[in-house]
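For reference, the structure discussed in these notes is given below.
The values are calculated or read from the model by the stated rules, or taken from the named source; none is laboratory data. Note that the coordinates shown come from a computational prediction; the quantities given were computed from them, not determined experimentally. Every residue, glycine as well, gets a Cβ built from its backbone with ideal geometry; the counts of neighbours run over all protein chains shown.
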Amino acid sequence: MTCKVSQYRRTTKHDGGFSLIEVMFSMAIMTIGLVSLLGVMGLAMASTQTSEQSAIAKRLANEAMESILTARETAQVQWSNIANGSCAVGTGCTTGIFLAPAQPIYCAGADGIVGTSDDAACGPVVLDQPGPNGVFMNSCPAPPDICIPLTNYTRTIAISQFGADPNLNNVTITVTYTNPQLKVPQNYVLNTLISQYR
């Protein structure tokens with residue numbers, strides 16, 4: 001007599017597929033991850049715009065610092081004139097040539113020094129970028145170049161004597177601009193010491 005072995009296997013609950021709850025949990029985790037990723041992409045786009053404005057502010061502050069160094073190096077400007085005031089270059093006035101309150105961004109006037117009283121006559125600075133063809137045509141304010149007026153920026157040049165040394169000045173240049181995304185003023189501050197000696 002032969003014995004037959006049953007070919008049927010007993011199935012357990014673990015052999016089945018995913019349950020509905022497991023699928024819902026995994027979908028919720030994926031949704032949270034994708035929403036977080038979209039938020040990070042938005043922040044990256046805003047940071048790109050902010051970095052461009054920060055670079056412009058840095059350039060404007062450096063331009064003012066170079067202007068102060070140029071004023072020191074030229075023989076027509078005395079050390080006593082490298083201060084805040086409203087004198088014109090070469091007039092023999094005893095106060096400084098650099099305007100103290102926040103000023104719009106004007107190009108350098110006839111004296112070639114940024115931040116002095118003759119800058120307003122020169123007019124506002126316009127940033128000229130290449131147009132869609134990628135070539136500078138020097139066509140601002142007309143197309144095809146992209147012309148960006150810097151009316152959103154102001155620059156403050158503050159010069160004061162450093163301590164008791166009359167041959168050393170503390171220079172603080174502050175460029176203020178409004179960030180379009182945050183709608184709040186941002187500052188870029190450049191602070192250094194400058195001596196009378198070249």
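Structure summary
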read-out	value
Filter result (in a loop (DSSP other than H, G, I, E, B), touching a strand residue (DSSP E or B) at 6+ places or on another chain (Cβ under 7 Å) and more than 21 Å from Gly123 (Cβ to Cβ)) within the range 147-183	Phe162, Asn167, Asn179
Residue match in the range 134-142 (condition: closer than 20 Å to Thr174 by Cα, surrounded by 12 or more Cβ atoms within 10 Å (Cβ to Cβ), over 22 Å from the mean Cα position of the chain (by Cα) and without any contact (Cβ under 8 Å) to a residue 60 or more places away in the chain)	no
Number of the condition not met by Ala64 [criteria: (1) surrounded by 12 or more Cβ atoms within 10 Å (Cβ to Cβ); (2) out of contact with any helix residue (DSSP H, G or I) (no Cβ under 6 Å at 6 or more places or on another chain); (3) assigned to a loop (DSSP other than H, G, I, E, B)]	(3)
Check on Arg72, crowded, with 17+ Cβ neighbours inside 10 Å and not in a loop (DSSP other than H, G, I, E, B)	yes
Among the residues listed as Gly112, Gly96, the single one being on the phi > 0 side of the Ramachandran plot, more than 23 Å from the chain's Cα centre (by Cα) and not in a strand (DSSP E or B)	Gly112
Any chance Ser80 is small (Gly, Ala, Ser) and modelled with pLDDT under 80	no
Near pairs, Cβ below 8 angstrom, 6+ apart or cross-chain, from the range 166-191 (under 15 Å from Tyr153 (Cα atoms)) to any residue that is part of a strand (DSSP E or B) and among the charged types (D, E, K, R)	Ile173/Arg155; Thr174/Arg155; Val175/Arg155; Thr176/Arg155
Selection status of Ile194, in contact (Cβ under 8 Å) with a residue 40 or more places away in the chain, closer than 18 Å to Phe98 by Cα and more than 23 Å from the chain's Cα centre (by Cα)	yes
Selection from the range 155-171 of residues that are farther than 15 Å from Cys107 by Cβ and within 17 Å of the chain's Cα centre (by Cα)	Thr156
Unique residue being of a type in the set (Asp, Glu), in contact (Cβ under 8 Å) with a residue 24 or more places away in the chain and more than 18 Å from Asn62 (Cα to Cα) when the list is Asp118, Asp128, Asp145	Asp118
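Conditions (1) surrounded by fewer than 12 Cβ atoms within 10 Å (Cβ to Cβ); (2) more than 25 Å from Gln76 (Cα to Cα), marked per residue:
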site	(1), (2)
Ala102	no, yes
Gly131	no, yes
Ile157	no, no
Pro166	yes, no
Ile173	no, no
